[in-house]
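Each remark here refers to the structure printed beneath this line.
The values are calculated or read from the model by the stated rules, or taken from the named source; none is laboratory data. Please read all numbers here as calculations on a predicted model, not as lab measurements. Every residue, glycine as well, gets a Cβ built from its backbone with ideal geometry; the counts of neighbours run over all protein chains shown. Note: accessible area is taken over every heavy atom of the protein model, side chains too, but ligands, DNA and RNA are not part of it. Shrake-Rupley method; radii C 1.70, N 1.55, O 1.52, S 1.80 Å.
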Amino acid sequence: MDGYRVAEAVVLVNIFSLWRLSRVRATLISLEPSMSARDASMVNVGERAPDVQLVDTDRKPVKISDFRGKKTVLAFFPGAFTGVCTKEMCTFRDGLSKFNDLGGNVVGISVDSPFSNKGFSETNRLSFRVLSDYSREAVRSYGIPLENFAGLKGYTAAKRSVFILDKDGTVRFKWVSDDPSIEPNYDQLLKELEKVA
């Protein structure tokens with residue numbers, strides 16, 4: 001190898017080393033828990049569901065404890081009017097009688113404003129309540145923050161998740177997806193709801 005090729009090889013090795021160092025640094029930064037991740041620890045089966053206050057599509061306050069006395073399916077979704085979320089909520093709508101026959105009350109929850117949720121509910125003729133967690137209190141309390149949703153840096157949505165609560169407000173089943181494109185298995189949800197006394 002002549003001197004020029006050796007120098008070129010050294011430069012390439014240095015560039016590669018710097019690139020690798022920057023990737024390692026980026027990885028370490030991404031491993032640092034964000035404020036919401038530090039505050040969040042996921043609710044487990046057998047624990048009492050956090051009693052957070054949300055608002056309905058008419059901006060009226062609703063607490064999770066308001067649903068005690070009936071089995072409740074809390075369906076968190078990342079964003080109103082997005083493709084998968086629309087499909088998921090419409091699937092709950094179309095199968096609502098099956099959930100109701102098992103004594104279940106379906107409730108949709110997103111971080112969208114109550115105004116967006118109202119438009120979303122009306123557009124899709126959703127026949128169950130859709131609540132707004134605009135303050136992200138439920139997302140943090142249930143341990144399901146989806147950070148930088150849709151590539152929007154700093155925008156935290158809810159991970160697509162389902163929590164089935166018994167009549168006393170205890171979590172009897174949970175399903176949480178890190179991938180917002182994946183829907184829950186609706187048949188499994190019905191089977192799990194049926195098991196809940």
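Per residue and in cubic angstrom, what volume does the convex hull of the Cα atoms of region 91-146 have?
For region 91-146, the hull spanned by Cα atoms encloses 89 Å³ per residue.
Close amide-amide hydrogen proximity is noted between Val111 and Asp133, Ala158, each under 5 Å apart and 5 or more residues distant or on a separate chain (H modeled in the peptide plane; Pro and chain starts excluded). Rg ratio for region 66-197: its Cα radius of gyration over 2.2 N^0.38 Å, N being its residue count, equals 0.98. A 1.4 Å probe run over region 136-197, with the rest of the protein chains in place, finds 48 Å² accessible per residue.
Surface composition of region 60-197: carbon plus sulfur atoms hold 48% of the accessible area, using a 1.4 angstrom probe and ignoring ligands, DNA and RNA.
Of the peptides 98-105, 49-56, the order by per-residue mean of other Cβ atoms within 10 Å, starting with the highest, comes out as 49-56, 98-105. Amide H contacts for Tyr155 (H built 1.01 Å from N in the peptide plane; partners 5 or more residues away or on another chain; cut-off under 5 Å): Asn148, Phe149. Under 10 °C and 1.306 mPa s, how fast does region 128-197 diffuse according to Stokes-Einstein, given a Kirkwood radius computed over C-alpha pairs? Answer in µm²/s, whole number. D, rounded to a whole number, is 118 µm²/s. Taking every DSSP bridge with both residues inside region 36-113, close to 35 percent are antiparallel. Annotation: amide H of Val55 within the under-5 Å range of Val62, Ser132, Tyr134, sequence separation 5 or more or interchain, hydrogens built in the peptide plane.
Couplings 3J(HN,Hα) of region 137-147, computed from phi: 5, 5, 4, 5, 5, 8, x, 10, x, 10, 7 Hz, in residue order, whole Hz [Karplus 6.51 cos²θ - 1.76 cosθ + 1.60, θ = phi - 60°; x for Gly and Pro].
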